[in-house]
Each structure stands twice: as C-alpha cells, then as structure tokens.
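The values are calculated or read from the model by the stated rules, or taken from the named source; none is laboratory data. Note that this is a predicted model, so its numbers are computed, not measured. Methodologically, a virtual Cβ is constructed for each residue, glycine included, from the backbone with ideal geometry; neighbour enumeration extends over all protein chains shown. Just so you know, the surface numbers come from the protein's heavy atoms only, side chains and all, with ligands and any DNA or RNA stripped out. Shrake-Rupley method; radii C 1.70, N 1.55, O 1.52, S 1.80 Å.
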Amino acid sequence: MENIKFNYARCREALLYEVIEYNKKRTDSIAREKFKAVCEYARCCGVISYEGYAYLDEKIDLEEQVDPIRYES
C-alpha cells in the first residue's frame with residue numbers, strides 16, 4: 001500500500017513539473033507532445049480525472065498556459 005501512495009505522489013510531482021515546463025515551451029511541438037504523453041500517463045494512473053485530462057488536452061491543442069496551482073499537492 002505504501003508503494004502505491006509513493007507512486008501516486010511521484011506521478012503527481014512529475015505532472016506538476018511538466019506543467020511548469022510546458023508553460024515555458026508551449027509553442028514547441030516536441031514539448032507539447034511530451035506533455036500530452038505525461039498527461040495520458042497521469043490519467044491512466046488515476047492522478048487526474050477524465051475531465052482533468054480533457055482540460056489539459058484542450059489547453060495543449062490551443063497552446064494555452066496551464067494553471068500549475070491545480071496540480072500542487
């Protein structure tokens with residue numbers, strides 16, 4: 001059980017880090033694809049809901065900034 005909690009926390013930390021990095025480079029196509037892959041992984045791990053994933057996917061497609069406060073622990 002502890003391992004599951006640790007993995008969830010690490011995934012959430014990684015998502016927050018990637019949100020910040022994406023905001024710096026959101027017009028770069030490689031950065032967008034990398035961030036989209038991280039978001040898909042976070043969705044599969046249950047870190048973000050389907051609605052949260054849809055929000056991020058829309059922001060990525062429109063090259064808009066993502067609010068990192070939503071992903072802080």
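Just a few scattered comments:
- Angle of helix 29-45 to the longest C-alpha principal axis of the chain, folded into 0 to 90 degrees and rounded to 10: 30°.
- The GluC sites (Glu not before Pro) of the range 2-73 that DSSP puts in a loop, and whose beta carbon has at most 13 other beta carbons within 10 Å, are GLU63, GLU64, GLU72.
- Solvent-accessible area per residue in the chain equals 69 Å², computed with a 1.4 angstrom probe and all protein chains kept.
- Carbon/sulfur fraction of accessible area - the chain, other protein chains in place, 1.4 Å, %: 52 percent
- About the centre of its Cα atoms, the chain shows a dipole size close to 220 debye [charges on the beta carbon of Lys, Arg (+1) and Asp, Glu (-1) only; nearest 20 debye].
- Helix axis angle, 2-24 relative to the chain longest principal axis, alpha carbon, degrees: 10 degrees
- The chain: relative contact order as a whole-number percent, Cα under 8 Å and 6+ apart: 42 percent
- Counting lysine pairs in the chain that sit 8 or more residues apart in sequence, or on different chains, and whose Cα atoms lie under 17 Å apart gives 8.
- Helix 50-62 axis, angle to the chain major axis (alpha carbon atoms, nearest 10°): 20 degrees
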